[in-house]
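Notes follow the structure.
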Amino acid sequence: MSETRAMPQSKEAEISFSKIGQRLNNVFRFLLRKWWMLLLAMIVGAVLGWLYCLYVGKKYESHCTFTVQGQSASSSLVSSAISLASSLGITSKGGSPTSYDNNFFATLLQSRRIVKETLLQSDLVNHKNDILANHFIHINQLSDSWKDNNRLKNFKFVHSEISGVSRLEDSVLNYIYDNIMKDYLDVVYETSDPFNTATFTSSNYDFSRTMMKRLITNISTYYQREMFSLNNSNLATAERRVDSLGNAIHQLDAKVARLKDNSGSVIKQSGLIDLNAAIRDQSLLNIQYSSAVNNYELAKVTLMTQAPILDVIDDPQFSTEAILPPIILAPISGAVVLLFLVAGFLSLRLFIKETIQKENADEAQLKPELKTAE
């Protein structure tokens, strides 16, 4: 019994496979007869792929190569400020000296604060002056994906200071920052290479160039503004200390002169005790004042001459270039994709046509049988 059942099943399998093979053969022959449509589809697909490569797939990379001149002086700069503070009896606000090297600036360039402050600055993109974050939203068509969100519908940045942004603006800024760090900004730093290379990529030429240039400018400004706060604060305190010493000397000079006038008729040496003490204090104060002035002037010279300088080698203004997808791969991909789409459409059309013809044939065959039965 089992052998008898197995034989019909194998025959049914052979019949089904033969039908599938016959159907595929029919489809293949049908497609060969439509060779001109397939060829036309390949040509159109290649043209569409080339147009996509030329217009839609084009990206703009803005490069900036920079280095830090005077890296070894950065630690001595802070050390001199700490030394100045100690010599004048000032408690320094800083800790251990910081090394302002290439790694420092590479990390600073990718920091959330620098990128967000840059996005809140205004500049011209496509002849329109607006906040760079608004340009980013427009270029990447983020508003279209926010249409169903009542809070983000018609959203636009209005504040240009990081301290004045609303909670919603800050949330959108964080979202843009995450996207920029993931897909737009790339910073290459190697300890063996004296140069850092930063690249900003987007689909808009003006935006790529402006963002890269603004980022470099902002890290330099941040360094000068924030990293010199220790030196500037100590110099200001030292200047006040020097002025106070100068005022004390003037007061002591007046006291010495007054005591000399009063001691002119003194016979005993005990009457000159106050005068001698004042002269001794005057001498010590002059030494302190001279030392303070020398340290102050030395610190100013150190601050002006030994400050590390961020040296830009490749300016984004002149190093922004268009990047196209592989010019051969795009047309080939377009031709293959459209070829499969047209072939699939023709095959589906053939299947539907054969199914309808088979149903019509079955109906035509049943009509005589029904008449005979009646």
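The values are calculated or read from the model by the stated rules, or taken from the named source; none is laboratory data. These numbers come from a predicted model, not from an experiment.
Would you mind stating whether Leu132 is at pLDDT 95 or above and closer than 23 Å to Ile219 by Cα? Break it down stepwise before answering.
Working: at pLDDT 95 or above: yes; closer than 23 Å to Ile219 by Cα: yes.
Criteria met by Leu132.
So, of the residues in the range 191-221 that are assigned to a strand (DSSP E or B) and at pLDDT below 90, which turns out to be nearest to Cys64 (Cα to Cα)? Don't jump to the end; show me each part of the working.
Taking the range 191-221 as the starting set, the residues that turn out to be assigned to a strand (DSSP E or B) are 196-202.
Still in the running and at pLDDT below 90: 196-197.
Working: Asn196: 8, Thr197: 6 Å.
Among them, the one singled out is Thr197.
Got a number for residues in the range 122-168 being in a loop (DSSP other than H, G, I, E, B) and under 17 Å from Asn204 (Cα atoms)?
4
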